[in-house]
Amino acid sequence: MNRIAFITGATSGFGRACAHRFAEAGWSLVLTGRREERLNELREALQDRVPVHTAVLDVRDADEVKAVIDALPEAFAAVTCLVNNAGLALAPQPAQRVSLDDWHTMIDTNVSGLVNVTHALLPTLIDQGAGSSIINVGSVAADAPYPGNHVYGATKAFVRQFSYNLRCDLLGTGVRVTDIAPGLAETEFTLVRTGGDRGAHDTLYGDTTPLGAEDVAEQIFHVATLPAHVNINRLEVMPVRQAWGPFAIDRD
Ligand SMILES: NC(=O)c1ccc[n+]([C@@H]2O[C@H](COP(=O)([O-])OP(=O)(O)OC[C@H]3O[C@@H](n4cnc5c(N)ncnc54)[C@H](OP(=O)(O)O)[C@@H]3O)[C@@H](O)[C@H]2O)c1
């Protein structure tokens, strides 16, 4: 079959690492994100090895998503793997102190954005049939409540359940669906979450061994290249040096 990956949020972190990993294996790539300069850099870096198409795309805009997908050049149109990776956390403060705008931005990106891209690419993926896949990037935050997780974790719980539910409807089409749920991983995630606080980034990832973007990309690539009859429903991956904590108790 064709091997064409459509990656959202390819300008940084897991998405960019996926672009490199899939390119290493010879896949054609459709790379999307909002930062055009970074898309251009990535195309420059990879296009000697594999065919690369880039498109500036804000996944929150359903019309733009559809336009980008409708305008895919013929050589990139038959997408076989969608990596729904674009996403973000904002506002690590307690729920009662965060702005409603930040909540909406997370829902618009992590939920509506992922749904927009999935809806637009479903007919293509079903046409490709057996061996094609939708890989949604969820998070351990979908299951582990923690302070400051409020809407972010809830959006990732949506990703988990949407992935499971999609599997039910896609039964018989050959299209696989996976929710990849990473734990602590060093990317630009914390800089985005804290509005550019380098100290917060260094504190969170310092003196420990977080996952790297390449670790997660390797898992995504693994899921995408399993035999066509194998579906990993959910893959939760944490660094060895991360685990869950005790319940918090309010005392007098
Ligand atoms: N790092 C972690 O610890 C961790 C753990 C679990 C899950 N995750 C999830 O992993 C995914 C990737 O995050 P990351 O850690 O790689 O963070 P990152 O380095 O900040 O990358 C996030 C990517 O999402 C893109 N993006 C954000 N908003 C977008 C929008 N409206 N439209 C299109 N693209 C958008 C960004 O590109 P542009 O800004 O160029 O648009 C960027 O390429 C996210 O879904 C995140 O929730 C991260």
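None of the figures in this text is laboratory data; all of them are computed from the coordinates on show. These numbers come from a predicted model, not from an experiment. So basically every Cβ, Gly included, is an ideal-geometry build from the backbone, and we count neighbours across all protein chains shown.
Each peptide in 115-125, 130-140 was scored by the mean count of other Cβ atoms within 10 Å over its residues; highest first, the order is 130-140, 115-125.
Subtracting the Cα-Cα distance from 0.36 nm times the residue separation, let me have the gained length for Ala200 to Gln161 in nm, one decimal.
Numbers: separation 39, 0.36 × 39 = 14.04 nm, distance 3.08 nm.
Full extension from Ala200 to Gln161 adds 11.0 nm.
A straight chain from Phe247 to Lys66 at 0.36 nm per residue would run longer than the Cα-Cα distance by 60.7 nm. Among Leu57, Leu90, Leu184, sorting on how many other beta-carbon atoms sit within 10 Å of each Cβ, with the fewest leading, yields Leu184, Leu90, Leu57.
Please find the FRET efficiency linking Glu24 to Ala77, where r is the Cβ-Cβ separation and R0 is fixed at 30 Å, and quote it to the nearest 0.05. For Glu24 and Ala77, the calculated efficiency is 0.85.
Look at the Cα gyration tensor of the chain: its axes a ≥ b ≥ c give a/c of at least 1.5 with a/b over b/c, and that counts as prolate. Between Leu191 and Arg97, the simple label model (points 7 Å from Cα in the Cβ direction) yields a spacing of 2.4 nm.
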